[in-house]
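The values are calculated or read from the model by the stated rules, or taken from the named source; none is laboratory data. The structure displayed is predicted, hence computed values, not measured ones. Please note: Cβ atoms are built from the backbone with ideal geometry, for glycine as well, and neighbour counts cover all protein chains shown. Each accessible area value is taken on the protein alone, full model and side chains, heavy atoms only, with ligands, DNA and RNA left out. Shrake-Rupley method; radii C 1.70, N 1.55, O 1.52, S 1.80 Å.
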Amino acid sequence: MAAPKPEEISFPPMDQLQGLEYCIDSNPSWGEAIALGFQHYILALGTAVMIPSFLVPLMGGTDGDKVRVVQTLLFVEGINTLLQTLFGTRLPTVIGGSYAFMVPIISIIHDTSLMSIEDNHVRFLNTMRAVQGALIVASSIQIILGYSQMWAICSRFFSPLGMVPVIALVGFGLFDRGFPVVGRCVEIGIPMLILFIAFSQYLKNFLTKQLPILERFALLISITVIWAYAHLLTASGTYKHRPELTQLNCRTDKANLISSAPWIKIPYPLQWGAPTFDAGHAFGMMAAVLVSLIESTGAYKAASRLASATPPPAHVLSRGIGWQGIGILLNGLFGTLSGSTVSVENVGLLGSTRVGSRRVIQISAGFMIFFSILGKFGALFASIPFTIFAAVYCVLFGLVASVGLSFLQFTNMNSMRNLFIVGVALFLGLSVPEYFREYTAKALHGPAHTRGGWFNDFLNTIFFSSPTVALLVAVFLDNTLDYKDSARDRGMPWWVKFRTFKGDSRNEEFYTLPFNLNRFFPPS
C-alpha cells in the first residue's frame, strides 16, 4: 500500500467555518426566518424562566412577582439583542440573562438589613431595588472598558492558543446545567435528548420542498413532541404521589406562570420603585460584570465562526462590550434580577441549524418583546419543564465548546509549550469552579469568607466562572512562557490580520454599522 500523501492526512486551516447554509449577512425566506426566530425565542426561555424562578421566592416574592420578573427579563433581552445586532458586534447573538450574577445577587438577598424585613412583599421590593442599584453602578465597568477601547487593548494579548480554553469552557463550563438536570426527570429528559439528536443529525437529509425541515427545526419539533408527552404524563396522574422535587421538574403545571400572568403588561423603567445604592453590593456586582465580559468575549468569537464570519476585530469586540454595558444598565433600570451576557445555547443553535443569519436573531428579539407584553401567551411557552431545555443544552453547549477547540488548527500542537498551556488552563478552568461549588454546597458559603462581604462576593464570583479562570491562566502563561520565540506556534501570524478593522477586507462586510453610521464612528 502506497504511503499517504500529506494532504490526505491533514486539513488546511480555514478562517471561516464551512457547511453553513446562511452566514451572518445572508437570509433565508421570510417564512423560514420567522420560524427560526421563534425557535431561538423558545430556547432563550429556559434561562429567562430559571433565574427568576430560583431567586424570586428567596426574596419573598409571589408567583405574580415571578411572572412579572420573567416578562421584564424577556422584554429587556429583546431590546438588548436588537441593540447588539444593530450597533454592537453585529453578530447573530441573543443577549440573555446570566448565571454569573447569581452569587452577588444571593449575597444581597441574604443581607441582614433586608432579611430582617418581616413583610414578604416589602422585602421583595426592597431587595429588588438593592439589586437594581448594584447593577446600575456595576454596568459602568463594561461601558467604560468598551467605549474607551480599553478592552480592545487588552484583547491584543489574546492569541488563538489562549482563546482555546476560554471559548471551550464557555460551553464545557456549563456541564452542570446539562445532564445533571436531565437526570432529575429522565422520563422526559432522555427522550428529548435522543429525539433532538436524531432530528438534527441522523435525519438532517430529510427534505420537504428542498428544505431540510427536520434539521432546521429539530428544536421546535422535538420540544413540541416531548412537551405534549410530558403533559400527557401529568394529566394521567403519573406524578401524583411522587416527591415534590420530581413533580417540580417533570410536571407541566407546577410553574404557576399561566394563572399568575396578566393578559397585557408593558414593563417600564423603575417599575419596582427607586433603586437603592450600597457600595458593598455594587462592588460584588462588579465581579459578575467582569465575568460576563469574559464569557461574552468567548461567546462572540464562537458566534463569529458559527455565522461564517471572520473573528471580530478588537475595535468591534470592544464596541460590543460597551453596548453590553448599556444592556446591564437597562437590566438595572427595569429590574430584571440579572445582568446581560451572550446566550451560549443560542450560539450553539446557530451551528445546529446551520443558519447564522443576523436577521433571524433580530426576529427572535421581536418575539421576546411581543410575548413579554402579552403575558398569558408568553407564560404558556414559559411553562415548558426546564428538564427539556437541559436535554438540548447537552448538545448545544458541547457544540460551542467544540468551536473553541477548532482554534487549535491555527496553532502548533506538537509544541510542548502549547500542550502545557492548553491542558493546564482547561483543567484548572473546570477544577477550580468545581471546588468552589462543592465547598459552597457543604459550608453554605464560598471559600472566600472574610468579614468583608464585598470582597467575598468578588472572589467567589470570579472563581465560580470556568471561562474566567481559563482566561486568567491561559493568557498569563501564553504571554510569559517563552513568548518571544513562540509567535508562530501560538497562531499569531493568522490572528494578527483580524486585530484591526482594516486588516481584512471581509470585516467591512460583516461588522460595518448600519445607516452609514461609520461616518461618525470610524473603525480603528
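For Leu219, the stated conditions do not hold, so it cannot be described as open to solvent by 80 Å² or more (accessible area, probe 1.4 Å), in contact (Cβ under 8 Å) with a residue 24 or more places away in the chain, closer than 28 Å to Gly348 by Cβ and aliphatic (A, V, I, L, M). When residues in the stretch 190-215 are screened for being in contact with a Ser or Thr (Cβ under 8 Å, 6 or more places away or on another chain) and either open to solvent by 50 Å² or more (accessible area, probe 1.4 Å) or within 14 Å of Leu43 (Cβ to Cβ) (or both), 3 of them pass.
Residue by residue, here is whether (1) in contact with a Pro (Cβ under 6 Å, 6 or more places away or on another chain); (2) modelled with pLDDT under 95; (3) closer than 25 Å to Gly351 by Cβ; (4) open to solvent by 30 Å² or more (accessible area, probe 1.4 Å) holds:
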| site | (1), (2), (3), (4) |
| --- | --- |
| Leu399 | no, no, yes, yes |
| Ser402 | no, no, yes, yes |
| Phe407 | yes, yes, yes, no |
| Ala425 | yes, no, yes, no |
| Glu438 | no, yes, no, yes |
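Of all residue pairs spaced 6 or more apart or on separate chains, those with beta-carbon atoms under 7 Å, a first member in the stretch 57-77 that is under 21 Å from Ile95 (Cβ atoms) and a second member that is among the hydroxyl-bearing types (Ser, Thr, Tyr) and not in a loop (DSSP other than H, G, I, E, B) are Gln71/Ser372; Leu74/Ser372; Phe75/Ser372. Tell me, which residue of the stretch 48-69 that is open to solvent by less than 10 Å² (accessible area, probe 1.4 Å) and part of a helix (DSSP H, G or I) is nearest to Val342 (Cα to Cα)? By that ranking, first place goes to Ala48.
Give the residues of the stretch 270-280 that are assigned to a loop (DSSP other than H, G, I, E, B) and exposed (fewer than 12 other Cβ atoms within 10 Å of the Cβ), sorted by residue number. The one that is assigned to a loop (DSSP other than H, G, I, E, B) and exposed (fewer than 12 other Cβ atoms within 10 Å of the Cβ): Ala274.
The residues on offer are Leu337, Leu317, Leu374, and the sole one that is surrounded by 21 or more Cβ atoms within 10 Å (Cβ to Cβ) and either modelled with pLDDT of 95 or more or in contact with a Phe, Trp or Tyr (Cβ under 8 Å, 6 or more places away or on another chain) (or both) is Leu317. Scanning the stretch 77-129 for residues that are buried (at least 23 other Cβ atoms within 10 Å of the Cβ) and among the hydroxyl-bearing types (Ser, Thr, Tyr) returns Thr81, Thr85, Thr89, Thr93, Ser98, Thr127. Since Asp176 meets every condition but one in (1) under 20 Å from the mean Cα position of the chain (by Cα); (2) at pLDDT 95 or above, which condition does it not meet? So the condition that Asp176 fails would be (2).
Which one of these is under 29 Å from Tyr483 (Cβ atoms) and in contact with a helix residue (DSSP H, G or I) (Cβ under 7 Å, 6 or more places away or on another chain): Leu419, Leu399, Leu430? Outline the logic, then answer.
On the way: Leu419 fails: in contact with a helix residue (DSSP H, G or I) (Cβ under 7 Å, 6 or more places away or on another chain); Leu399 fails: under 29 Å from Tyr483 (Cβ atoms).
On inspection, the qualifying residue turns out to be Leu430.
Filtering the stretch 490-514 to residues that are closer than 19 Å to Asn414 by Cα and either among the aliphatic types (A, V, I, L, M) or open to solvent by 40 Å² or more (accessible area, probe 1.4 Å) (or both) leaves Met492, Pro493.
Evaluate the following for Leu330: is it surrounded by fewer than 24 Cβ atoms within 10 Å (Cβ to Cβ) and either at pLDDT 95 or above or not in a helix (DSSP H, G or I) (or both)? Judged against the criteria, Leu330 is a match.
Selection of the stretch 340-368 for residues being farther than 23 Å from Phe381 by Cβ and either surrounded by fewer than 24 Cβ atoms within 10 Å (Cβ to Cβ) or touching a Lys or Arg at 6+ places or on another chain (Cβ under 8 Å) (or both) yields Arg354, Arg358. Scanning the stretch 412-423 for residues that are open to solvent by less than 20 Å² (accessible area, probe 1.4 Å) and not in a helix (DSSP H, G or I) yields one hit, Ser415.
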